[in-house]
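Worksheet for the structure shown next.
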Amino acid sequence: MRFFVLIFSTVFAAALFAQIARAQTPASAASPAQTRSNSPSAKKKAAQPATPAKKEAAQKLTPVVVTATRIPQPISEIGTTITVVEDPQIQEQKIQQVANVLRQVPGVQVTQSGSPGAVTDVSIRGATPSQTLVLVDGVEVNAGATGSFDLSHLTTDNLDRIEILRGAGGSLYGSQAIGGVVNVLSQEGDGPPTASLLSGGGNRATSQQVGTVSGADGNLHYSGGVSYFSTEGFRPVNDNSDNLALNGRFDYHIGDDTVLRGFARYIASNVSLPNFNVFSGSPLDPTAHERNEFMLFKGEIEHHFGEYLLVRANAFFVRQDQRANAVPYQGSMSSEDDRIPDETRGGLTEAVFSWPRLEGFRTVAGFEFRDLWVRSDSISTFPAFPPPSVSLFRARRQEYAGYLEQEGSFLDGHVLVTGGFRVDGNSQFGKEVSPGWSVAIPIAKISTTLRGSYTEGFRAPAFDELYFPDFGNPNLKPEISSEWDGGFTTTFGERASFTATYFSRRVKNLIVTVPCPTCLFGSEAGNASRVDVQGVEIVPSLTLLKGLTFSGNVTILDETHADAPGSTAAPLRVAKHTASALLEYVHSGYFLPHDKISANVNYIFIGDRDDITVESTVANHAAYNLVNAVVSYAMGLPLGHIHNEEVFARVNNLMDRNYSEAFGFKAPTINVLAGIKLDFE
């Protein structure tokens, strides 16, 4: 496959030079003074997509995304597969957790191990959670210890949008991006100061409070949010949880050329663990609990050097601190005390060059550095196996990466090509080169865009996989992947659209659990031979009547494995069939001139899948169906500084189905939350 990538790169370069030659003809030959503008608007456009004028109207109707290519680009011009969920949709559905937004995205499966606040993993296209990269405002937050990110505490307060790149992440984002990338992006404040307050409550002592503020004061743009969620859960003992989240963003414009940005996020949660000893078969634990603390800080400067060159640099710090405690009780005389602080710090420098005489051509080059550190302390006691078991390790590594990407628009914008590569240097695993390319072919006559992409990637083993006592294996090799996909999107005016995508991914050296007779637990981390994943994603959307819309998706997966001797490489908690459907109704001016009624029903289906039982065997886990519903009424009456009043009710698990997403962890029963939201200006 590298041979074909080399051929593609050669053809791409030849076409690029042909375009340059065309640009140098007398008809295009203009002096720098004639082609350059010093106006503020021209400088701000240096990093924006350069597209033909006939596409401007379409761009207004399609989202502009940054995750696919690291620079703003209309989603219709991207050859990779990406979904954008914007804030208005999240607000209409009154979704408080990011994980619940992702449940509705094609090819994405979310697994929550029990009650609200319990560990929540995300998988894209059958990849493991550690093969799925999560970004918060562009900062990688996957933990160094596990390689994955627990989404259970990440809220939707003050979000602008969530971008989900399915596949094709390795050539730009490196390790952890084999399956795809989830990028959670904050709002940039603008305009007069505004604020909102939301307060709701429901059964099982569920309470939700959210406050947001945004606006601009001269050159300073700001936004922020704070939320608090608590519940008693649904298990008979020790099932309560609470979550406090704060976030803020500021953008300070120093003239027309320079912007300073700052991002901060803090989350503190306390989660009870009734199923702490689930695998030992013990009854519900009345005392076990877990405390989590997450903080993220990022500072960035962005500067336009003239009309065509944009340079940005940032530095960031992420800390995740997990503490778990379980004391002996009548059902189990064992105990455990864990603390795992996990830190990542680093920075990125990136340049974007828009070619002055080649419309639609941009070059992106960047260098990033990350320093990962983790300390894992665990003390456990088992009366049948004295003395206490102490698991203690510390680990650290540095990761360096450089990447180069070239965008090109050919045949008067009828073929849009992106190609590039990333070189990762790892203090433990050496160098890895990950090439990738994509092509988008808009066919205006039939309102269809054809897409195709190919990318390679890798995943360095997590610290637990390398060093966790009696399980880690320091001889592990990194996972290596290659993936290609192709598909099309067809629109039928503004009434309907249809997207279909086929993808195929191969991962070598897959890290799995293998037998180890000399290990305390009888197994350790090891490399399997290979896993192949193929699948189809189908995404329809239809406006049924005025104000009534339907959207949905279906994903079909097929995985085959070539296992290492004795390994358990079969995919766990990955369903072959998943689906989601959303029916939305919006009507304005029903009772009052400016009121709005909205209602939606969301259906989620997760098919049967293999899972680990409480007896540590692998068995088939039954499929489940989930229905959630929301209804709201906004009056739109100006009352002093209040310009909108909204009442709402949301019902999760409307049919009150008895199901579980992971063996041993019963999923929540029906939950009703009703409340009011006030918007101020």
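The values are calculated or read from the model by the stated rules, or taken from the named source; none is laboratory data. This one's a predicted model, so the numbers in the text were calculated from it and none came from an experiment. Quick reminder, even Gly has a Cβ in these numbers, built from the backbone with ideal geometry, and neighbours come from all protein chains shown. The accessibility values were calculated without ligands, DNA or RNA, using every heavy atom of the protein model including side chains. Shrake-Rupley method; radii C 1.70, N 1.55, O 1.52, S 1.80 Å.
Points worth noting:
- Which numbered condition Gly262 fails, given (1) in contact with a Phe, Trp or Tyr (Cβ under 6 Å, 6 or more places away or on another chain); (2) open to solvent by 20 Å² or more (accessible area, probe 1.4 Å): (2)
- Verdict on Phe393 being closer than 30 Å to Gly281 by Cα, touching a helix residue (DSSP H, G or I) at 6+ places or on another chain (Cβ under 6 Å) and either open to solvent by 20 Å² or more (accessible area, probe 1.4 Å) or part of a strand (DSSP E or B) (or both): yes
- Taken as a whole, the condition of being buried (at least 21 other Cβ atoms within 10 Å of the Cβ) and at pLDDT 95 or above does not apply to Ser434.
- Within region 591-681, strands (runs of 3 or more DSSP E) holding 2 or more residues that are out of contact with any helix residue (DSSP H, G or I) (no Cβ under 6 Å at 6 or more places or on another chain), closer than 28 Å to Gly107 by Cβ and not aliphatic (A, V, I, L, M): 596-606, 609-612, 618-621, 624-634, 642-652, 660-662
- Once region 626-641 is narrowed to residues that are at pLDDT below 95 and aliphatic (A, V, I, L, M), the residue that is surrounded by the fewest Cβ atoms within 10 Å (Cβ to Cβ) is Leu639.
- Any chance Asn270 is closer than 28 Å to Asp157 by Cβ, open to solvent by 30 Å² or more (accessible area, probe 1.4 Å) and in a strand (DSSP E or B): yes
- Of all positions in region 276-291, none carries a residue that is part of a strand (DSSP E or B) and crowded, with 22+ Cβ neighbours inside 10 Å.
- Selection from region 247-259 of residues that are in a loop (DSSP other than H, G, I, E, B) and buried (at least 16 other Cβ atoms within 10 Å of the Cβ): Asp257
- Selection count where residues are out of contact with any helix residue (DSSP H, G or I) (no Cβ under 8 Å at 6 or more places or on another chain) and touching a residue at least 24 places away in the same chain (Cβ under 8 Å), scope region 398-427: 16
- The listed residue being modelled with pLDDT under 90 and open to solvent by less than 40 Å² (accessible area, probe 1.4 Å), out of Thr613, Thr578: Thr613
This table checks each residue for (1) closer than 27 Å to Arg573 by Cα; (2) modelled with pLDDT of 95 or more; (3) small (Gly, Ala, Ser).
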site: Gln104; (1), (2), (3): yes, yes, no
site: Ile164; (1), (2), (3): yes, yes, no
site: Gly179; (1), (2), (3): yes, no, yes
site: Gly200; (1), (2), (3): no, yes, yes
site: Ser207; (1), (2), (3): no, yes, yes
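- When residues in region 570-585 are screened for being part of a strand (DSSP E or B) and either under 19 Å from Val554 (Cβ atoms) or in contact (Cβ under 8 Å) with a residue 60 or more places away in the chain (or both), 8 of them pass.
- Only one of Asp338, Asp377 that is touching a Ser or Thr at 6+ places or on another chain (Cβ under 6 Å) and open to solvent by 20 Å² or more (accessible area, probe 1.4 Å): Asp338
- Screening Pro236, Pro192 for residues that are touching a residue at least 12 places away in the same chain (Cβ under 8 Å), surrounded by fewer than 19 Cβ atoms within 10 Å (Cβ to Cβ) and in contact with a strand residue (DSSP E or B) (Cβ under 9 Å, 6 or more places away or on another chain) leaves exactly one candidate, Pro192.
- Gly215 satisfies every condition listed in (1) open to solvent by less than 10 Å² (accessible area, probe 1.4 Å); (2) at pLDDT 95 or above; (3) under 27 Å from Tyr400 (Cα atoms); (4) not hydrophobic (A, V, I, L, M, F, W, C) except (3).
- The residues on offer are Leu310, Leu348, and the sole one that is surrounded by 19 or more Cβ atoms within 10 Å (Cβ to Cβ) and touching a helix residue (DSSP H, G or I) at 6+ places or on another chain (Cβ under 7 Å) is Leu310.
- Residue under evaluation Thr83, criteria (1) among the β-branched types (Val, Ile, Thr); (2) in contact (Cβ under 8 Å) with a residue 60 or more places away in the chain; (3) touching a helix residue (DSSP H, G or I) at 6+ places or on another chain (Cβ under 6 Å), criterion not met: (3)
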